[in-house]
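Asker: For reference, the structure I am asking about is given below.
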Amino acid sequence: MRWKLTLFLFPLLLVVSIFILVPIIIAIYVSVSESQAVFDFAFSGFRNYIYLFTEERFLNNIFVTFYISLLSIYLAYLVGLFLALYYRRATMVTNVTLATMMVIYLTMPATSAIIWRFLLDYSSGITSAILFYMGMERIDFFSSQFPALNALVLAIVWRQIAIATIFLWSGLQNINPEIDEAATLDGAARWERFRYITLPLLKKTSFITFILLAISSGSLVEFPLLMTAGGPFNSTETLILRLYREGFFSLNWGSASAVGVISLIISALAFIPLFRGILKT
Amino acid sequence: MIKKRRPFKWVITVLILLILLTPIIWSFLSSLKTTAEITAYPATLFPTKLYTGAWVQTFNNSGVYLTMSNSLVYSLVIALICTGLAYPATYVISRYKFRIRTLASSIMYFVMLTPSTILIFPVFIMATLIKIQNTAWGYILVMIAILGPFAFFLMKPYIDSIPIEIEESALVDGASSLQLLLKVVVPLSINGLIVTFFLIFVTAFNDFGIAFGMLTSDSIKTFPLLLFARIQFLQWQGSWNDILSMSLLALVPTMIVFLLFFRRLQEAILKGGVKV
């Protein structure tokens, strides 16, 4: 038993601890340190944190992150649920649709960011062309904050819909169709069957889908970096993009660590209910 | 149950898929346009003159080959080691009760639930300290640490679903623990193993965030990093066709692997195996 634990479990646990848990501790330490040199520690209080929270740019970073994450998670979930219900029965059509969803899900995020940047481009984009042929004014998505944010949401949702559809569909397959048929015989309307039978039975799958959507929505750096580069004037800069800029472009280790620790706390707070749910199951 | 035939479902499906695939189709068509045409407003649907220059340029770029082979080698090694380490760990957590079991699975779920882009800066600091930043092995190790818990999460339902009686009877027949794992548990959860391997491979191949922090020399960079360098360089000259052809090239390896694993994946999804 003991040797088995050591041999089977500890290699992975060791790699994870060394490369994830130890760095988090180091980052907390660097974020409250005076200088950048790690071995030359001088406690600086919470200067980095105070600086960030009094800065308008950082507050905007938090707003942007929440805006993008919440909007894209809920939109993707709703569209995914609709598609999963529409293709509920496994037929040829369903297979084709699911395969397409897989293709979208597997698309490299960097590629989808570039493709969407091109699609929504002011001069050569497809949106501009469509609006032109409809005789309407074209929209410049990337010159003001909300159009740019919505462009990001659109690109992220495109990817997320695939994840939501695949997982919700596979959850629907685990529901016994006889329950639905029995309800139909009892005279339950379509909406009632959905509201009182399908949705409650889909609760666990929905939960997992939300987790997967949440992990990949606000946290991908590719979309803000390659589509808007945080612009115009940092108005679409997410927390993650800020972290990358402070850390890898400006080399401010102290404030980058502080941004990292704050993001970690936000994501932990968001995931605590989910985490509890998982451990129970 | 009354079976309804729905011929228009095909029509609706084709419409939905067309909308969903528009980004990819449109970019592919555009990558075959000349630079003058691609920047013109309003854009044309089909290229008026077929121009393969952008693709030729992409295929003649030595950086493309270098980074693509780097990407493929890294993701293959990562997927192999990751699945290899996570499989026995998942088995132990799924099957045995021991003192640090809750702690171990909590760590796994914590790492899995934390977006890797948040973790990369702390990891970068430590990698710099122990001098593995900007080395291929450093990158691979970090990726294993980040994706290992994800592999655990993917594999667990498959191992959980094996009836324990099968293992007990094998033990009664005198199988050793290792024999039990290799000859009984692995064949019964082979689908899970394959799906996990596939998803880890694709996730590693598509990774941009971690590579961005871990790899800085041109010779060890991965393909997404090359894309990033190119888009900064080319975007403002309007040579979208170059960027698009390169971006679309990034989809080829994943699609090939996808087609190779298609049957298994379909089976896993159809059976509702992607459940947790």
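The values are calculated or read from the model by the stated rules, or taken from the named source; none is laboratory data. The model shown is predicted, which means the values in this text are computed figures rather than measured ones. Every residue, glycine among them, receives a Cβ derived from its backbone with ideal geometry; neighbour counts consider all protein chains shown.
Asker: Is it true that A:Ile272 is at pLDDT 85 or above and either surrounded by fewer than 23 Cβ atoms within 10 Å (Cβ to Cβ) or hydrophobic (A, V, I, L, M, F, W, C) (or both)?
Answerer: It is false that A:Ile272 is at pLDDT 85 or above and either surrounded by fewer than 23 Cβ atoms within 10 Å (Cβ to Cβ) or hydrophobic (A, V, I, L, M, F, W, C) (or both).
Asker: Determine, yes or no, whether B:Thr34 is surrounded by 15 or more Cβ atoms within 10 Å (Cβ to Cβ) and within 30 Å of A:Gln160 (Cβ to Cβ).
Answerer: Taking the combined requirement at face value, the residue does not satisfy it.
Asker: If you scan the stretch A:211-228, which residues turn out to be closer than 18 Å to A:Leu70 by Cβ, among the aliphatic types (A, V, I, L, M) and buried (at least 24 other Cβ atoms within 10 Å of the Cβ)?
Answerer: Result: A:Leu213, A:Leu220.
Asker: Can you say whether A:Tyr74 is surrounded by fewer than 22 Cβ atoms within 10 Å (Cβ to Cβ) and under 24 Å from A:Leu269 (Cα atoms), as far as the supplied structure shows?
Answerer: Against the criterion (surrounded by fewer than 22 Cβ atoms within 10 Å (Cβ to Cβ) and under 24 Å from A:Leu269 (Cα atoms)), A:Tyr74 qualifies.
Asker: Hey, another quick one. Return yes when A:Ser170 is buried (at least 18 other Cβ atoms within 10 Å of the Cβ) and within 19 Å of A:Phe66 (Cβ to Cβ) and no when it is not.
Answerer: no
Asker: For B:Val185, indicate whether it is part of a helix (DSSP H, G or I) and over 30 Å from B:Val252 (Cβ atoms).
Answerer: yes
Asker: In the stretch A:147-179, what residues are more than 11 Å from every other protein chain (Cβ to nearest Cβ) and either within 13 Å of A:Met102 (Cα to Cα) or basic (Lys, Arg) (or both)?
Answerer: Listed by number, the residues that qualify are A:Gln160, A:Ala164.
Asker: Answer yes or no as to whether B:Ile243 is at pLDDT below 90, within 22 Å of the chain's Cα centre (by Cα) and surrounded by fewer than 23 Cβ atoms within 10 Å (Cβ to Cβ). Let's see the steps before the verdict.
Answerer: Working: at pLDDT below 90: yes; within 22 Å of the chain's Cα centre (by Cα): yes; surrounded by fewer than 23 Cβ atoms within 10 Å (Cβ to Cβ): no.
So B:Ile243 fails the test.
Asker: Considering only the stretch B:77-120, state which residues are of a type in the set (Gly, Ala, Ser) and either over 18 Å from B:Ser161 (Cα atoms) or surrounded by fewer than 23 Cβ atoms within 10 Å (Cβ to Cβ) (or both).
Answerer: B:Ala79, B:Gly84, B:Ser94, B:Ala104, B:Ser105, B:Ser106, B:Ser116
Asker: Right, here's the next one. Given the criteria of a type in the set (Val, Ile, Thr) and in contact with a Gly (Cβ under 9 Å, 6 or more places away or on another chain), does A:Ile68 qualify?
Answerer: So A:Ile68 passes the test.
Asker: Just the residues that are in contact (Cβ under 8 Å) with a residue 40 or more places away in the chain and more than 7 Å from chain A (Cβ to nearest Cβ), please, taken from the stretch B:82-92.
Answerer: Those that are in contact (Cβ under 8 Å) with a residue 40 or more places away in the chain and more than 7 Å from chain A (Cβ to nearest Cβ): B:Cys82, B:Thr83, B:Tyr87, B:Thr90.
Asker: Name the pairs whose Cβ atoms lie under 7 Å apart, with the first residue in the stretch A:107-131 and free of Cβ contacts under 8 Å to residues at least 24 places away in the same chain, the second surrounded by fewer than 24 Cβ atoms within 10 Å (Cβ to Cβ) and among the basic types (Lys, Arg), and 6 or more positions between them or separate chains?
Answerer: Between residues of the stretch A:107-131 that are free of Cβ contacts under 8 Å to residues at least 24 places away in the same chain and residues that are surrounded by fewer than 24 Cβ atoms within 10 Å (Cβ to Cβ) and among the basic types (Lys, Arg), the close pairs are A:Tyr122/A:Arg138; A:Ser128/A:Arg138; A:Leu131/A:Arg138.
Asker: Suppose we filter the stretch B:206-217 for residues that are under 13 Å from B:Ala136 (Cβ atoms) and charged (D, E, K, R); how many remain?
Answerer: Residues meeting the conditions: 0.
Asker: Restricting to the stretch A:102-131, give me the number of residues that are at pLDDT 85 or above and either in a helix (DSSP H, G or I) or facing chain B (nearest Cβ under 7 Å) (or both).
Answerer: 18
Asker: Now for a different question. Against the definition (under 25 Å from B:Ile93 (Cβ atoms) and without any contact (Cβ under 8 Å) to a residue 40 or more places away in the chain), how does B:Leu171 come out, yes or no?
Answerer: On the way: under 25 Å from B:Ile93 (Cβ atoms): yes; without any contact (Cβ under 8 Å) to a residue 40 or more places away in the chain: yes.
Here the answer is yes, as B:Leu171 does meet what is asked.
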